Amino acid sequence: MPLVSGKALLAHAHQNQYAIGAFNFANMENLQAVIEAAEELQSPVIIQITEKSIEYAGLDYLYALGRCAGENAKVPVALHLDHGKKWESVIRCLRYGWTSVMMDASHKPFEENIALTRKIVEFAREVNVSVESELGFIGGKEGDITPEGNIYTEVDEAVEFVRRTNTDALAIAVGTAHGIYKGEVNIDFNRIKEIKAQTDIPLVLHGSSGVPDEMIKRAVLSGINKVNFDTEIKLASLEALKAFLDQHPYEYDIRKIYKPARQAMKEKIKEKIKLLSSEGKNWITAYDSPDKHDVSLLTGGFN
Ligand code: 13P
């Protein structure tokens, strides 16, 4: 089926108190691992790319891969831009046919974050694409910004932000950080519950690698509906590649080298999906009709 709007997926997760896994991809094997894992567990899934992946692979290749994955998958798939910090990247993804985008202006002052997010929401509405935004500051290394630490999302600011931007989903800073944790993870579950109760929209958890399984489950029960995983999937791939090359130091057939890496990523992704209660939710929704998703409807953006 065609790629599904992130809105449809997250709205269902929000209403039914579960979360959808969002997995970053930068190449074919990585993407196939995500789709195979989701299909085996009959779970909807979000595939996502970053601005760094655009620099690495180019938008054409990433879109072709993402669309092919969605069209061939036996589960609903949304194609998402993760941490769109540049206005131009977000607009380009909207124009290309991404079905979900993140306008991440969380590093900017509150009013500027609101203004940029609201503008993107207006454009995205024209093509029925879902918008995720971020409020607060999620630490760790992501994109080109390496913040010192977290600045937790304030509940009253979240309420005002959602009301004034009309964002479809909100990424909140509640104690997680991107990349590998140096110390213990502490998640402020009450803050998640409070933000959920007051905003009543899908909430997103970033920096989920290295977070103990029980904490992920509790975060979902507290109101998280999209959980982003990247580092642990990359590490699973790397370990499998190293192990294979240790055993076969003279192998040069890239297909043989990548096969166990793809399998290792798939197993890790399945472990993560099982924490989110999205397993078996392979409902085939009345996904957005292609005409509603005609990117030529998008009239502005660059001016
Ligand atoms: P991890 O790399 O910690 O899994 O975080 C991924 C993420 O939040 C992408 O936006």
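What the table shows:
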{"quantity": "Restricting the range 185-213 to residues that are outside any loop (DSSP other than H, G, I, E, B) and near the ligand (Cβ under 9 Å from one of its atoms), the residue that is nearest to G6 (Cα to Cα)", "calculated": "V204"}
{"quantity": "Residue satisfying all of: in the range 153-184; modelled with pLDDT of 95 or more and part of a loop (DSSP other than H, G, I, E, B); farthest from the chain's Cα centre (by Cα) among these", "calculated": "E154"}
{"quantity": "Lone qualifier among A26, A64 - being in a helix (DSSP H, G or I) and surrounded by fewer than 24 Cβ atoms within 10 Å (Cβ to Cβ)", "calculated": "A64"}
{"quantity": "Flag if I35 is in contact (Cβ under 8 Å) with a residue 60 or more places away in the chain, assigned to a helix (DSSP H, G or I) and either more than 18 Å from R262 (Cα to Cα) or more than 16 Å from the ligand (Cβ to nearest atom) (or both)", "calculated": "no"}
{"quantity": "Neighbours by Cβ (under 7 Å, 6+ apart or cross-chain): first from the range 47-71, in contact (Cβ under 8 Å) with a residue 24 or more places away in the chain and of a type outside the set (S, T, Y); second part of a helix (DSSP H, G or I) and surrounded by fewer than 18 Cβ atoms within 10 Å (Cβ to Cβ)", "calculated": "L59/Y96; L65/M28"}
{"quantity": "Some residue of the range 107-129 being within 16 Å of the ligand (Cβ to nearest atom), surrounded by 24 or more Cβ atoms within 10 Å (Cβ to Cβ) and touching a residue at least 40 places away in the same chain (Cβ under 8 Å)", "calculated": "no"}
{"quantity": "Test result for K281, within 19 Å of V34 (Cα to Cα), among the basic types (K, R) and within 16 Å of the ligand (Cβ to nearest atom)", "calculated": "no"}
{"quantity": "Top-ranked residue of the range 67-86 - restricted to ones that are in contact with a strand residue (DSSP E or B) (Cβ under 8 Å, 6 or more places away or on another chain) and assigned to a helix (DSSP H, G or I), ranked as surrounded by the most Cβ atoms within 10 Å (Cβ to Cβ)", "calculated": "G70"}
{"quantity": "Matching residues in the range 162-180 - criterion: being of a type in the set (A, V, I, L, M) and within 16 Å of the ligand (Cβ to nearest atom)", "calculated": "A169, L170, A171, I172, A173, V174, A177, I180"}
{"quantity": "So G58, is it within 28 Å of E279 (Cβ to Cβ) and either polar (S, T, N, Q) or away from the ligand (no atom under 16 Å from the Cβ) (or both)", "calculated": "no"}
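One line per residue, one yes/no per condition, for (1) of a type in the set (G, A, S); (2) more than 14 Å from the ligand (Cβ to nearest atom); (3) part of a helix (DSSP H, G or I); (4) under 24 Å from V101 (Cα atoms):
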site	(1), (2), (3), (4)
V220	no, yes, yes, yes
K226	no, no, no, yes
E232	no, no, yes, yes
S237	yes, no, yes, no
K242	no, yes, yes, no
L245	no, yes, yes, no
P249	no, yes, no, no
Q263	no, yes, yes, no
K266	no, yes, yes, no
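The values are calculated or read from the model by the stated rules, or taken from the named source; none is laboratory data. Because the structure is a prediction, the values reported are computed rather than measured. Note that each Cβ is placed from the backbone with ideal geometry, even for glycine, and that neighbours are counted across all protein chains shown.
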